[in-house]
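What follows is one structure encoded as structure tokens, with my remarks underneath.
The values are calculated or read from the model by the stated rules, or taken from the named source; none is laboratory data. Because the structure is predicted, anything quoted here is derived from the model rather than measured. Note: ideal-geometry Cβ built from the backbone for every residue, glycine included; neighbour counts use all protein chains shown. Protein only, heavy atoms only, side chains kept; ligands, DNA and RNA dropped before computing areas. Shrake-Rupley method; radii C 1.70, N 1.55, O 1.52, S 1.80 Å.
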Number of protein chains: 2
Amino acid sequence: MNERPLQEPTLLLLTALADEPRHGYGLIQEIDAISQGRVRMRTGTLYGALDRLVQQGLIRVEREEVVDGRARKVYALAEAGQDVLAAETERLRAVVAEAERRLAARRAHAIRPKGALA
Amino acid sequence: MNERPLQEPTLLLLTALADEPRHGYGLIQEIDAISQGRVRMRTGTLYGALDRLVQQGLIRVEREEVVDGRARKVYALAEAGQDVLAAETERLRAVVAEAERRLAARRAHAIRPKGALA
DNA sequence: CTATATATATCAGCGACCGGCATATGTTGT
DNA sequence: ACAACATATGCCGGTCGCTGATATATATAG
């Protein structure tokens, strides 16, 4: 029931799951890849967020498996999560476009078309 | 010194100032416009954030003026703020693009190119 | 003379994130 | 044999930005 905008770690989590179901540790790696190494999700953030998102119905536990003697919980994006992600990216895209438009105009102004003085 | 990603209200504040200097109340209106009425910045968020951003050197108090008997503080985007905004939009643009790419692929998969069965 | 718009400011509370710690198994290096 | 590292999940105290409420003050509209 929360209409508040997603924070970046949460946005990245949903994005990482939009692709295909993944388990917690795999999400850390995937997010590392998506963000080109700029975001290293902490386990404290991760598992807390996963519980919260399941609670909110944005993701669900797809299955639990054991690979090489290690237990895994595989999460999948739920439909509600897909909708939220779509709406969020849509809004963010508009904000980013506006910010870039203004930054470009700002730079154009700074250059001063006819002779830059001081 | 905080490299943490900006939250949306902060992002919108910097975006609203990228255009031209504005005072607090004007920022509320501008953000309302930018977000097409979807974000109504609260004064609690606003003035707290403005103080914080000045403290961080991302914006500065351009001037103080009195218009129609009402005091105003006009804020301007500092160079550090411009850099942070540019970096932030750049990263967000990549994340948004990736999210939309995955959502599109997801929908294409759901449609099933040749005969959708159940 | 009340309500609304303009304008700034503070504060308690909440919730997401951070960083550290704990636990356990498998692999690689020395 | 032992250390170090990668894989994998989980908890918890602290921090910090945002929310919502409240306060103050002037100008304008009804």
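Could you pull out the residue among B:13, B:50 that is surrounded by 12 or more Cβ atoms within 10 Å (Cβ to Cβ) and more than 20 Å from residue A:97 (Cβ to Cβ)?
So the residue among B:13, B:50 that is surrounded by 12 or more Cβ atoms within 10 Å (Cβ to Cβ) and more than 20 Å from residue A:97 (Cβ to Cβ) is B:50.
Among residues of segment B:35-47 that are more than 14 Å from chain A (Cβ to nearest Cβ) and within 14 Å of DNA strand C (Cβ to nearest atom), those with a Cβ under 9 angstrom from a residue that is among the aromatic types (Phe, Trp, Tyr) and open to solvent by 30 Å² or more (accessible area, probe 1.4 Å), sequence gap 6+ or separate chain, pair up as B:43/B:25; B:46/B:25. What is the one condition in (1) surrounded by 16 or more Cβ atoms within 10 Å (Cβ to Cβ); (2) touching a Ser or Thr at 6+ places or on another chain (Cβ under 8 Å); (3) not aromatic (Phe, Trp, Tyr) that residue B:39 does not satisfy? With respect to (1) surrounded by 16 or more Cβ atoms within 10 Å (Cβ to Cβ); (2) touching a Ser or Thr at 6+ places or on another chain (Cβ under 8 Å); (3) not aromatic (Phe, Trp, Tyr), residue B:39 is out only on (2).
Those residues that are within 7 Å of chain B (Cβ to nearest Cβ), open to solvent by 40 Å² or more (accessible area, probe 1.4 Å) and under 24 Å from the mean Cα position of the chain (by Cα), I need them from segment A:99-110; list them, please. Before the answer, list the steps.
The first filter runs over segment A:99-110 and keeps only residues within 7 Å of chain B (Cβ to nearest Cβ), leaving A:99-100, A:102-103, A:106.
Cutting the leftovers down to open to solvent by 40 Å² or more (accessible area, probe 1.4 Å) gives us A:100, A:106.
Of everything in segment A:99-110, just one residue is within 7 Å of chain B (Cβ to nearest Cβ), open to solvent by 40 Å² or more (accessible area, probe 1.4 Å) and under 24 Å from the mean Cα position of the chain (by Cα), namely A:100.
Restricting attention to segment B:27-61, the residues that are in contact with a Lys or Arg (Cβ under 9 Å, 6 or more places away or on another chain) and among the small types (Gly, Ala, Ser) total 1. When A:57, A:81 are checked against the criterion of being buried (at least 16 other Cβ atoms within 10 Å of the Cβ) and more than 25 Å from residue B:18 (Cβ to Cβ), a single residue qualifies: A:81.
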